[in-house]
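S.K.: Structure provided below as structure tokens; questions to follow.
The values are calculated or read from the model by the stated rules, or taken from the named source; none is laboratory data. In this text, all values refer to a predicted model and were calculated from it rather than measured experimentally. Note that each Cβ is placed from the backbone with ideal geometry, even for glycine, and that neighbours are counted across all protein chains shown. Calculation scope for accessible area: heavy atoms of the full protein, side chains included, ligands and nucleic acids excluded. Shrake-Rupley method; radii C 1.70, N 1.55, O 1.52, S 1.80 Å.
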Amino acid sequence: METIDEGRAVDSVYLDFSKAFDKVLYGRLMSNVESHGIQVHFLATGVLARGKCGVSHCTTRYLVIMAAADLMQRVPAQGRASLLLRKRARLRQEAFHGSIRGTWPECDTLKMYSQIDQIQKIYYMVLAVVSVPANLLGIVILSCRQCGLSNCTTRYLVAMATADLLVILTEVLLRQISYYYFHMTFLDITPVCSVRAVLLSAATDCSVWFTVSFSFDRFVSICCQKLKTMYCTERTTTVVLATTCTLLCLRNIPFYFIFDPWVIIDNVLWLCVVKPSVYNDPAWVGFSWLDAVLTPLLPFALILLLNALTVRHILVTSQARKRLRGESKGENPRDPEMENRRKSVILLFAISGSFILLWSVSVIEFLYYHISGADPRHYTQPEVIFRQIGVMLVNLSCCTNTFIYGVTQSKFREQVKSLMEYPVTAIIQFMNKRA
């Protein structure tokens, strides 16, 4: 009895099925798109349902469901793609890479992808609802400069909150929420998609490097008293933030040129697919390594180093001040200098610690990817879950700073309370005047 290679059979069946779908989708080549589309999908459903195409039952059921879904969708001749097209695009890129190797994703793997998809759909909606108001609240309160923080610290915190807000807008709202809740909008046009990628990368870089700049400013303020008077000024802070933002935006411009359109419908370029040359061209490979080093490897290492040096200096200084003030002999006088420094250090360590904690999973996955040489497209189930958790935690890091301010800064909490009470007070005063 003749044996059939399942991988080749899957390729043959899927390619025939895909060609039929594409023929219907770009129906301007046909005189009657709707009728031909229905016939093609009925034919595909009937042939696959017989189970005699030489593929496993799991594969057959999956293809039958795809054919039935396409039949119900009835894609119009104008070529406006639906959510199903986008889902299938990702499936082709992820699942059908296995068919090139002669394998096919198991039912459990497909079920896992579906479960992750549903979790992320809910997660990103909750994150958008919480993070946007939180960052806006932080920007407004910090800009009033009523939190008892130095002007340098305030500017760094406002810049960090603004960068985090931009990350939320570009990544969560314009990318994740758009993908899950809106079907083929203008955001999916290739040029817009490319600009969105540049903005996302630039905003992420700014968010990360503003945290590094803040850590370095606090390190200079605490550990370098001679340099403090010259470096820790509003002018220097503005120059550092503006220069960092400008350089990072310029560095991310090449991201605009790494994409090709996935489909062309009525002369409109849709979706973004990475060019094959990006994986082989030495210039693009070097740019990829530069991008990985700048975010997040180098910032991760710098924040750890700066915090370690700051802790070491604080411990040494605290012991010296205790001896000078006689605390070693049992006295316990009040030390305003150490109390102010303690508040600044708590804020620094809370922000830096949150960054390190939430980025650690992504950094570990990056190191595993490059050290082991594993292909993310062929990750096992635990590896896929670990990678997705890393991405979700990185996005979560863009809304934690405001809550850190509320926990560590009593004056920030007072400002939040006053801001929440202001509308109620204003309404009451207005009603009293009317009465």
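S.K.: Please report, largest first and rounded to whole Å, the three semi-axes of the ellipsoid equivalent to the range 150-306, where each semi-axis is the square root of five times an eigenvalue of the C-alpha gyration tensor.
M.R.: Equivalent ellipsoid semi-axes, largest first: 36, 18, 12 Å.
S.K.: What share of Cα pairs, in percent, lie more than 14 angstrom apart in the range 176-227?
M.R.: 69 percent
S.K.: Note down the accessible area of Ile264, probe 1.4 Å, to the nearest 10 Å².
M.R.: That residue has around 100 Å² of solvent-accessible surface.
S.K.: Not counting ligands, DNA or RNA, and with a 1.4 Å probe, what is Val239's accessible surface area in Å² rounded to the nearest 10?
M.R.: Here the accessible area works out near 80 Å².
S.K.: Of all the C-alpha pairs in the range 360-435, what % are more than 19 Å from each other?
M.R.: In whole percent, the long-distance tail amounts to 61.
S.K.: Can you give me the distance in nm between label points at Val192 and Val239, each placed 7 Å from the Cα along the Cα-to-Cβ direction?
M.R.: With each label placed 7 Å out from Cα toward Cβ, I get 4.2 nm.
S.K.: Excluding Ser131 itself, what net charge comes from residues whose Cβ is under 15 Å from its Cβ, given Lys and Arg +1 and Asp and Glu -1?
M.R.: -1
S.K.: Lys and Arg at +1, Asp and Glu at -1: add these up for the other residues within a Cβ distance under 13 Å of Val285 and post the number.
M.R.: Local net charge: -1.
S.K.: Between Phe182 and Gln146, what is the label-to-label distance in nm when each label sits 7 Å out along the Cα-to-Cβ direction?
M.R.: The modelled label-to-label distance comes out at 3.6 nm.
S.K.: Using label points projected 7 Å from each Cα along Cα→Cβ, tell me how many nm separate Leu297 and Asp281, to one decimal.
M.R.: 2.2 nm
S.K.: Figure the gain on full extension for Val407 and Val316 (residue separation times 0.36 nm, minus the Cα-Cα span) and round it to one decimal in nm.
M.R.: Extra length available between Val407 and Val316 comes to 30.0 nm.
S.K.: Along the Cα-to-C-beta direction of Lys343, a point sits 7 Å from the Cα; which residues of the range 399-435 have their amide N less than 13 Å from that point?
M.R.: 408-415
S.K.: If you don't mind, another one. Under a Cβ-only charge scheme (Lys and Arg +1, Asp and Glu -1), can you give me the dipole magnitude of the range 360-435 about the Cα centre, in debye to the nearest 20?
M.R.: For the range 360-435, the charge dipole is close to 560 debye.
S.K.: In whole Å, what is the distance between the alpha-carbon centres of the range 364-399 and the range 259-288?
M.R.: Each part's Cα centre sits 22 Å from the other's.
S.K.: Can you tell me the FRET efficiency between Leu357 and Ile253 if r is taken as the Cβ-Cβ distance and R0 is 35 Å, rounded to the nearest 0.05?
M.R.: 0.65
S.K.: Accessible surface of Asp117 in the full protein assembly, 1.4 angstrom probe, to the nearest 10 Å²?
M.R.: Accessible area, nearest 10 Å²: 10 Å².
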